[in-house]
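**Student:** Mind looking over this structure? Questions follow.
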C-alpha cells in the first residue's frame with residue numbers, strides 16, 4: 001500500500017484540542033455498537049485484573065491437577081455432565097489434567113491482553129519515532145529511514161516471529177519475549193502513516209510559523225506535530241490491538257509462544273484440538289473468548305476512528321437528521 005493511500009486512510013483524522021475531549025466521548029457514546037463493545041472490553045479487562053480474586057472466590061488454582069475428577073478408563077474425559085461443571089468448577093475441568101477451566105481462562109486473559117498491550121505500545125513508540133524522524137529529517141535521512149521501514153513492512157511477520165522464538169532460551173520470560181517480537185517486527189505500518197501525516201502537517205501555516213520563529217525540529221515535533229498526530233496514532237493503535245491478540249494466540253497455538261504452565265488462550269486451543277468431540281467445551285471456551293475479545297476490540301476501534309474523525313461524525317449527524325426528518329414527515 002502506498003504512502004498516499006495510507007495518508008488518505010487517516011489523513012482526515014486530526015487531533016482535537018483538549019476541549020474536544022467531551023465531544024469525542026459524546027460521539028463515542030452515541031454509537032450503540034461501540035458502546036456495547038466498550039462494555040465488553042471493560043468486562044474482559046476486569047476479568048484479567050481480578051483473576052486472582054475470582055479464582056480465590058471459586059476456590060481453585062489454574063495449575064492444580066485434579067486426577068480424581070477425570071475418567072482414566074475413557075482416556076481422561078472429565079467425570080460428570082458438561083465437562084465436569086459444578087459448584088467447585090464453574091466452567092468444568094480440562095481433560096487429562098483436571099485443571100479448572102475458569103481459572104485458566106481468567107489467567108489466560110491476563111496473558112493475552114497484557115502481551116497485546118505491550119506489543120502495541122512497542123509498535124506505536126517505534127513507529128512514531130521513525131515516522132516523525134523521516135518526515136522532519138533531510139532528504140537523505142528520509143530515504144534511509146523509509147527504506148528501513150519498507151524492509152520491516154515486507155518481512156514475513158509470522159515466519160520471523162517463529163524463528164526468533166525458536167532460538168531464544170526458555171529461561172527468558174515468554175510473555176515478555178512474545179510482546180517484544182510482535183512489536184519489533186510489526187511497527188512499519190505505523191511508521192508509514194506517521195511519516196505521511198508529518199509531511200502533510202509540516203506544510204501547514206502554524207508549523208511554518210514555528211519554524212520561522214527559530215524553533216528546532218524536535219521542539220516543533222514535540223510542541224506542534226505530536227499533538228496533531230495523536231488522533232491518527234490512537235486510531236491505528238486501536239486497530240493493532242486485536243491483531244496483536246490474534247498473533248499471540250497463533251504463536252501459542254503453534255507451540256512457540258507462551259509456554260506451560262502459564263495459561264494462554266492460544267495454548268489452550270493447542271491442547272484442545274484432539275478433544276473437540278469428547279469434550280467440546282474445552283475447545284469452544286477459549287475459542288469463544290478469543291473471538292469475543294477480537295470482535296469487541298475491532299468494533300470499538302472503528303467507533304474510536306469515527307469519533308475522532310470530524311468528517312465521519314458530520315456524516316453521522318446528517319444521516320441521523322435525515323432519518324428524523326423522514327419519520328416526522330411520515331407522521
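Readers should treat all values here as calculations from the given coordinates under stated rules, not as data from a laboratory. Only a predicted model underlies this, so the values are computations on that prediction, with no experimental measurement involved. FYI the Cβ positions are ideal-geometry reconstructions off the backbone, even for glycines, and counts take in every protein chain you see.
**Student:** How many angstrom lie between the C-alpha centres of segment 273-290 and segment 93-119?
**Tutor:** 13 Å
**Student:** Then there's this: Pick from 294, 159, 178: which is most flexible by mean-square fluctuation in a GNM of the chain where alpha carbon atoms under 10 Å apart are linked?
**Tutor:** Looking only at 294, 159, 178, the biggest GNM fluctuation is shown by 159.
**Student:** Another question, then. So how far apart, in nm, are the two label points at residue 284 and residue 72 if each is 7 Å from Cα heading toward Cβ?
**Tutor:** 3.0 nm
**Student:** In whole Å, what is the distance between the alpha-carbon centres of segment 128-182 and segment 192-206?
**Tutor:** 23 Å
**Student:** Looking at the chain as a GNM with Cα springs under 10 Å, which of 184, 140, 240 has the largest mean-square fluctuation?
**Tutor:** 140
**Student:** Moving on to the next point. Tell me the relative contact order for segment 26-119 as a rounded percent, counting alpha carbon contacts under 8 Å between residues six or more apart.
**Tutor:** Relative contact order comes out at 29 percent.
**Student:** I'd like the FRET efficiency for residue 200 and residue 50, computed as 1/(1 + (r/R0)^6) with the beta carbon distance as r and R0 of 41 Å, rounded to 0.05.
**Tutor:** That pair, residue 200 with residue 50, gives E of 0.40.
**Student:** Here's another thing I want to ask about it. Between residue 63 and residue 140, how many nm apart are label points set 7 Å from Cα along the C-beta direction?
**Tutor:** Those two pseudo-labels are separated by 5.4 nm.
**Student:** Then there is this: Please compute the contact order of the chain in relative form: average sequence separation of alpha-carbon pairs under 8 Å and at least six residues apart, divided by the residue count, as a percent.
**Tutor:** Reported relative contact order: 25 percent.
**Student:** What nm value, rounded to one decimal, do you get for the distance between residue 82 and residue 29 when each label is placed 7 Å out toward the C-beta?
**Tutor:** Taking the two extended label points, one gets 3.7 nm.
**Student:** Let me see the pair-distance distribution of the chain: every alpha carbon pair, 20 Å bin width, integer percents in order.
**Tutor:** Calculated over all Cα pairs of the chain, the distribution is 27, 47, 23, 3, 0 percent.
**Student:** Something else now. Could you calculate the FRET efficiency of residue 21 with residue 222 from 1/(1 + (r/R0)^6), where r is the beta carbon distance between them and R0 is 22 Å, rounded to 0.05?
**Tutor:** My answer for the efficiency is 0.60.
**Student:** Here's another thing I want to ask about it. Connecting C-alpha atoms closer than 10 Å in a GNM of the chain, tell me which of 162, 300, 105 has the biggest fluctuation.
**Tutor:** Residue with maximal mean-square fluctuation among 162, 300, 105: 162.
**Student:** Taking 0.36 nm per residue of separation and subtracting the Cα-Cα distance, what length does fully extending residue 155 through residue 168 add?
**Tutor:** Between residue 155 and residue 168, full extension yields 2.8 nm more.
**Student:** Rounded to the nearest 500, what is the chain's calculated 222 nm mean residue ellipticity when only DSSP H runs of at least 4 contribute -39500 (n - 2.57) each, over all residues?
**Tutor:** Mean residue ellipticity, 222 nm, calculated: -23000 deg cm²/dmol.
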